[in-house]
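One structure below.
The values are calculated or read from the model by the stated rules, or taken from the named source; none is laboratory data. A quick note: this is a predicted structure, and the numbers were derived from the prediction, not measured. Glycine gets a Cβ as well: all are built from the backbone with ideal geometry, and neighbour counts include every protein chain shown.
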Ligand SMILES: [Zn+2]
Ligand SMILES: [Zn+2]
Ligand SMILES: [Zn+2]
């Protein structure tokens, strides 16, 4: 069984992740907090096992981006900073969110190509 790195539940068994917020941190700017998209389909997510209206376990390829609606792990909206997941929309000083681990090589390639020119 695989465990979700963020909520520490067994992935095929847990019906929703427990971290419903994304926190995007760009150095030198205020963190941006966004509500994560819920899984809209009736069948269980074939990637991470969440059920209808559940929140994907972070890193699931089926999660949509709250900004553009495309595949979150590939869309590039959150390039240029660190993306975290959080249990609450508040940002406590001693952060309760977990840093997202490095993304797979082929995906970071795609993201760097989508980066806007400075
Ligand atoms: Zn989870
Ligand atoms: Zn999923
Ligand atoms: Zn996006």
Suppose we filter 66, 27 for residues that are more than 15 Å from ligand 3 (Cβ to nearest atom) and over 22 Å from residue 8 (Cβ atoms); which single one remains?
27
Quick check on my filter: what residues within the range 5-17 are under 12 Å from the mean Cα position of the chain (by Cα) and modelled with pLDDT of 90 or more?
17
In the range 26-58, which residues are more than 17 Å from residue 72 (Cβ to Cβ), out of contact with any strand residue (DSSP E or B) (no Cβ under 9 Å at 6 or more places or on another chain) and modelled with pLDDT of 90 or more?
42, 43, 44, 51
Of the conditions (1) out of contact with any strand residue (DSSP E or B) (no Cβ under 9 Å at 6 or more places or on another chain); (2) modelled with pLDDT under 90, residue 84 fails just one. Which one is it?
(1)
When the residues of the range 6-18 are filtered to those that are surrounded by fewer than 14 Cβ atoms within 10 Å (Cβ to Cβ) and over 19 Å from residue 42 (Cβ atoms), which remaining residue is nearest to ligand 3 (Cβ to nearest atom)?
8
Conditions (1) more than 20 Å from residue 90 (Cα to Cα); (2) free of Cβ contacts under 8 Å to residues at least 60 places away in the same chain: number failed by residue 28:
(1)
